[in-house]
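To start, the structure itself, in structure tokens.
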Amino acid sequence: MARRHDLVGLTVLAILSVRASHPYELHRFIIDTHKDYVTGLPRSLYHAVERLARDELITPTKTDREGRRPERTVYEITDEGRRELSTRLRRLLEEPEPDRRTLVAAISLIGVLPTEAAIKSLRLRVAALTGAIGGLDAQMATMAENGLPRLLMLELECERALFAAEQDWVREVLGRMESGELDWPATVKQSLMERALEE
């Protein structure tokens, strides 16, 4: 069973959903596109590829060898891998968490979802953020009614401010998506991914 979020594995699935690649290409793409939420490279990447292959979310398609370089196994995503990618990515987009790396990762990979699915997930996130902000407001009001000093509420104020800022940003992104200003047709997505992998 995969770890709760497995951001490295999620990133591998996202890249392979666009183009079959070997681990060295995956590593290079992650570095070149500054996916800084992916840590522990290259070991974490190779472990993720092994896990995904074992879980049959990706499958080897061929082995390449160039000159004296070692053989490189090319992997592609399976149908089950595509379903898993969509499920994991939508969950990350929909559910706010204290660890904001998950949002950064999800936003970084959002282009692998159909635009309408991404919009729906971000709307659910806005609703969840509204609930979280309301909960914090209620908690602080209760604390104030009980005579607790403001100093003891600073961490809640900080958390509320971060959620509010995130909500404002997500709403702004949603507005751009809904107006058509921000879109990712499959041909553009594939073209950009292939260009990045070839550089």
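The values are calculated or read from the model by the stated rules, or taken from the named source; none is laboratory data. Please read all numbers here as calculations on a predicted model, not as lab measurements. All Cβ positions, glycine included, derive from the backbone under ideal geometry; neighbour counts span all protein chains shown.
Annotation: TRP184 fulfils all but one of (1) more than 20 Å from the chain's Cα centre (by Cα); (2) modelled with pLDDT under 95; the unmet one is (1). The set of residues in the range 38-63 being in contact with a strand residue (DSSP E or B) (Cβ under 7 Å, 6 or more places away or on another chain) and over 19 Å from GLY81 (Cα atoms) consists of THR63 alone. From the list LEU103, LEU122, the lone residue that is under 24 Å from LEU26 (Cα atoms), surrounded by 16 or more Cβ atoms within 10 Å (Cβ to Cβ) and not aromatic (Phe, Trp, Tyr) is LEU103.
Here TYR24 meets each of (1) more than 24 Å from LEU92 (Cβ to Cβ); (2) of a type outside the set (S, T, N, Q); (3) buried (at least 18 other Cβ atoms within 10 Å of the Cβ) with one exception, condition (3). Entry remark, the range 57-95: residues being surrounded by 11 or more Cβ atoms within 10 Å (Cβ to Cβ), at pLDDT 90 or above and more than 12 Å from the chain's Cα centre (by Cα) number 16 in total.
Which residues, taken from the range 145-172, are small (Gly, Ala, Ser), without any contact (Cβ under 8 Å) to a residue 12 or more places away in the chain and either under 18 Å from ILE107 (Cα atoms) or surrounded by 14 or more Cβ atoms within 10 Å (Cβ to Cβ) (or both)? Outline the logic, then answer.
Just the residues of the range 145-172 that are small (Gly, Ala, Ser), to begin with: 147, 161, 164-165.
Those still in the list that are without any contact (Cβ under 8 Å) to a residue 12 or more places away in the chain too: 147, 161, 165.
Of everything in the range 145-172, just one residue is small (Gly, Ala, Ser), without any contact (Cβ under 8 Å) to a residue 12 or more places away in the chain and either under 18 Å from ILE107 (Cα atoms) or surrounded by 14 or more Cβ atoms within 10 Å (Cβ to Cβ) (or both), namely ALA165.
Checking each residue in the range 141-181 for being in contact with an Asp or Glu (Cβ under 9 Å, 6 or more places away or on another chain) and at pLDDT below 90 picks out only ARG150.
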